[in-house]
Each structure stands twice: as C-alpha cells, then as structure tokens.
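What follows is a single structure, written as structure tokens, with notes after it.
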Amino acid sequence: MIISKSDITRIEAYLWEIPKSFSPKMRVPARILASETLLDNIMEDRSLVQLVNVASLPGIQGASLVMPDVHEGYGFPIGGVAATVYPEGAISPGGIGYDINCGVRLLTSQQKITDIRDRLESLSKELYAQIPSGMGKGGQIKLSLQEIDEVLHNGAEWAVQKGYGVNDDLAFMESNGRLHNADASMVSEMAKKRGADQLGTIGSGNHFVEVDYVEEVFDETIAKSYGLSKNQVVVLIHTGSRGLGHQVATDYIRQIMAAMPTYDIEVPDRELACVPFNSQEGQNYFKAMGAAANYAWCNREIISWEVRRAWKNIFGPTIEPLKLMYDVAHNIAKIEEHSIEGKRIKVIVHRKGATRAFGPGFGELPEKYRNVGQPVIIPGSMGTCSYVLAGTDKSMQLTFGSCCHGAGRRLSRTAAKKQVNAPVLKEQLKEKGIFVEAGSFKGIAEEAPIAYKDVNRVVETVSDSGIAKKVVKLRPVAVVKG
DNA sequence: ATGTTC
C-alpha cells in the first residue's frame, strides 16, 4: 500500500484525514495531528500505512489517530491512539506495545539551578551509581514469587509498604499507580522470573533519569498548581516494565495470534493480532497487562527512592525531599467513557506512545490539579529539552483525551549509530553543560538528538492544535542512561 | 522496548 499526499485531506490547521473511502477495509477514517512539515516527516516511514491498518480493527470508534511524534512500530504506529467499543471491540497487544506502561514521572526539588551548578558532575555520577541501568541489568531487590505477585497486584503501593516509596506520591500517579483489574495468575512464570530482580532499574534504549531545570514558564497559573517555577531543579524518570512487560507482550501476542481464527477476525497485518475484549483471551491479556503496568509503576517509585537517596548523598540529609509532580503511562489500554458523535460511550482506549491528556474537571486528578487539567510530561531527546503541558477539553473532543509522548524517532537505531560519534557527542554535551553518564557509547549514539524529531515543533503542534497547553520548558543538565 | 530472533 502506498499513501501519497493526494490521499490526505487537511481538515483543520493541524489535523489531516485519510478518509474511510481510501480502503474498503477501513471502518473509520484515519487522522493525523501534525504541522505540514511534520506530516512530510511522518510520510518517510510506514506510520501512515500502519495508521490505516489500525482503522480496520473490529469495533474501532471515531477515528484511528496518530500524534505528531509518530513513527512506525510493531503493527501499530508508536504515537497512536485507537478506541474500540466496550465490551466486544478488539483488544490488541500491538496497540499497547512491548514495554507495557512505559511512562514518565517528574520529581520536583526546592533548589534552583544556581544552587547546584557546581555539583552537577558529582550528582550525575552519584545517580549513575545508585540507579542500575543497561540491557538485562538487575537491581538490589530480589523478589520471591510471592513478593512478585504482590507487586503485580499492588503496583506502586507495594514500594510504599516496603519502605522503598513515599505514601504522598500515590495520589500523583495516573490511576494512583495501580490498576485494579491486574491478575498475577495471568502472568507466566517466565515473565515473573525475568522481573524478579529488575525493580528499581531503568533498562536501556530511550530510558533515562535526567536532572533538568525550569527554563521557561508559559502558564504561571498552571505552573503554580503543579508546583513548578522558573529555574527550579527537577528530575525526569523515563522507564517501564522491563523484561517482565516484554515477556507478557510476547506471551499474549502468540496466544492471541493463535486464537484469532476462533473469532473470525481478519486484519491487514498479522502484527495487529487482536481478539474481542470480552473473550477469554482478551480478558486474560487485559489482566496480565494490568499486572505488568503495576510492575512499571512500582519500578518508577523505587527508582525515585534511589534518586532521593542520591540527592541526600550529594546535598546532605537535611535537603528538602523531592516531591512527585506526576507520573504518566504512555503505553497502556484503559476503559474510559468518551463522546462520539454526541453519544457517551464506553471504549477501550489503546495508547501506544501517547499520553493521556484529560482536561479540567477530571475526578481522578489530585485536587490541586483538578481545575487546570492533567499534567502531560513530554521528554525530548537526550540533551535537547523537555516540556510539561496540561490536558484540555479539546483533547477530549479530538483525540480521546490523548497527546504526544516525546520527540519521536526519525532515524532507526542502526542509522543513528552510523551517523553518530558517541564519544564526541558526549564531549559536546559536556561543553553545553550537560553531564551524560551511560553504560555504553552504543546507547548514546542510538539516542543522539539527530535521531529524533525536534521536540519544540512537536510540542508547538499539540499546543497550537489545542489538545494540550504549554506549561513549562525544561533544560537538561545531567543524564543517566543505559 | 527486549537475556536485540516466533
């Protein structure tokens, strides 16, 4: 299938549509949220073919959607949103991704960048020492099978109960850091084994822990509600469910592929394997996905504990403790209620490389944030900048309450490695005042800024289109990578 | 993303 510019209609300044008539398999139109330049960029890989394929999912509602940071992924594009009707619509593990509940959190300090400028090198080394990182890397905590089941059921609460977390953090996580539909008995022994020693570890790829400061405040009122102010030092953590989530995805993609003929489902790409949500296989996957999501929240809570320890080691035991601003999931499926063509209906929202961006008034939000909307945390590429935005009513109308999740890759990992001299890049970043500590130069090369789209343009698009409001811009000063 | 390949 080839998609050319003439197949795409501009329906708003930043909204494009491939109509249903494009392919007989499509059940709904396919929509792209992008500026014209970003759209040209998006057309360089198979993202739009995948977007059109997703529009053929059984029970899909409204439109199949991609955000401006989209790039191709396993079956579904990364940066995609698909809502299917509850309870009989499709659930597809490819629409969630291999790293179940990959997500980002932001911790805030009471320090200004000028207070810590001379400590950055030792801080980055201490963070690197405290936070295990890298492929397959285990951590300090070794879980028994009994304990791992507790983590899978209780999510971030487990970390708090065991003294690896902070009780006040729980209110500041999407779903309070725990999905109640989780069922550990739906997670394979193999997955549990892989997860037994990986709590408190970031992994590799684009995962990181980063120290930033607030460089610019766009919206004083919202920034104040979120506890953010100019020049304030903050910490961004980006990671997910590690080997455990990956194994859950692998196990269920295989099972669901095998079950598809039973339900008479045909999809244009085998990687879109799906079953009805209310089928046995669909329910089992959803319970296992919830368990893996809980593992990821627990993981980010324990990494925060490691960051807090590093903070005390560098700044002394009396330093004001780091607070959790918010924690978002960007690879997950949720049952939510949305308005489609004027009707309120329950849908299964698949967000893969997309952040929930609920607007003001949403009951799950902590009271401090309820009137201004959900915090949306957008990490940029290494050494560029990141953003905090706020969800809006427009996102509820246009994108099932969703927004982008990052800058979005524009070069494959292999292409990036060919073009980037990692030791040189590390030196260049140091000259710019950014200390990078990484386990491998390979990781640095793959994550070089050149491998990513310009996060400023991506954020401009979501902000100008109205699906999220810019709150603050963050500038990195120290990065720990796998 | 991932003990980098069902």
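Could you tell me the relative contact order of the range A:249-406? Use alpha-carbon pairs under 8 Å, at least six residues apart, and round to a whole percent.
Working: 203 pairs, mean separation 22.0, N = 158.
Taking the mean separation of contacting Cα pairs over the length of the range A:249-406, I get 14 percent.
About the Cα centre of the range A:403-482, how large is the charge dipole given +1 on each Lys and Arg Cβ and -1 on each Asp and Glu Cβ? Please answer in debye to the nearest 20.
Details: 16 positive and 8 negative charges, 22 e Å.
That gives the range A:403-482 a dipole magnitude of about 100 debye.
Give me the angle, in degrees from 0 to 90, between the Cα long axis of helix A:145-154 and the longest principal axis of the Cα atoms of chain A, rounded to the nearest 10.
In chain A, helix A:145-154 runs at an angle near 70 degrees to the longest axis.
By DSSP, what percent of the beta bridges with both residues in chain A are antiparallel, rounded to the nearest 5?
If I count the DSSP bridges inside chain A, around 90 percent turn out antiparallel.
Cα atoms only: what Rg and Dmax, in Å, come out for the range A:1-78?
Gyration radius and largest Cα-Cα distance of the range A:1-78: 11.2, 32 Å.
Calculated FRET efficiency, A:I450 and A:R27, Cβ-Cβ r, R0 56 Å, to nearest 0.05? Before the final figure, lay out the partial values.
On the way: r = 38 Å, r/R0 = 0.68.
The formula returns an efficiency of 0.90 here.
On the Cα set of the range A:266-391, report Rg and Dmax in Å, please.
18.7, 61
For chain A, with only Lys/Arg (+1) and Asp/Glu (-1) charged at the beta-carbon, what is the dipole magnitude about the Cα centre, in debye rounded to 20? Don't jump to the answer; show the numbers that get you there.
Working: 56 positive and 55 negative charges, 104 e Å.
Value, rounded to 20: 500 debye.
At a threshold of 8 angstrom on Cα-Cα distance, excluding pairs fewer than six apart, so keeping six or more, what relative contact order does chain A reach in percent? Working shown, then result.
Working: 1211 pairs, mean separation 106.2, N = 482.
Taking the mean separation of contacting Cα pairs over the length of chain A, I get 22 percent.
Counting only helical runs of four or more DSSP H residues, what would the 222 nm mean residue ellipticity of chain A come to if each run contributes -39,500 (n - 2.57) and the total is spread over all its residues? Present the calculation step by step, with values, prior to reporting the outcome.
On the way: 16 runs with 157 residues, N = 482.
The helix-only estimate for chain A comes to -9500 deg cm²/dmol at 222 nm.
If I fit a long axis through the Cα atoms of helix A:455-464 and take the longest principal axis of the Cα atoms of chain A, what angle between them do I get, 0 to 90°, rounded to 10?
60 degrees
Could you work out how far helix A:120-130 tilts from the main Cα principal axis of chain A, as a 0 to 90 degree angle to the nearest 10?
70 degrees
Relative to a virtual label point 7 Å from the Cα of A:K5 in the Cα→beta-carbon direction, which members of the range A:23-57 show backbone nitrogen distances below 15 Å?
A:35-44
With loop defined by DSSP as not H, G, I, E or B, and exposure as at most 12 other Cβ atoms within 10 Å, which is the longest segment of chain A clear of exposed trypsin sites (Lys or Arg not before Pro)?
Details: sites that count: A:K142, A:K432.
So the longest stretch without any such site is A:143-431.
Rank A:M396, A:G406, A:V424 by how far each Cα sits towards the positive end of the charge dipole of the range A:375-472 (+1 on Lys, Arg Cβ; -1 on Asp, Glu Cβ) and give me just the farthest.
A:V424
At R0 = 35 Å, how high is the FRET efficiency between A:I340 and A:A258 if r is their beta carbon distance? Nearest 0.05 is fine. Could the numbers behind the result be given before it?
On the way: r = 32 Å, r/R0 = 0.91.
So the FRET efficiency works out to roughly 0.65.
How many percent of all Cα-Cα pairs in the range A:5-481 sit more than 36 Å apart? Don't skip to the end; give the middle numbers.
Values: 25737 of 113526 pairs.
Tail of P(r) above 36 Å: 23 percent of Cα pairs.
We did not get these values from a lab; they are worked out from the coordinates using the rules stated. Just so it is clear, the model here is predicted, and its values are computed rather than measured. All Cβ positions, even for glycine, are placed from backbone atoms using ideal geometry, and neighbour counts span all protein chains on display.
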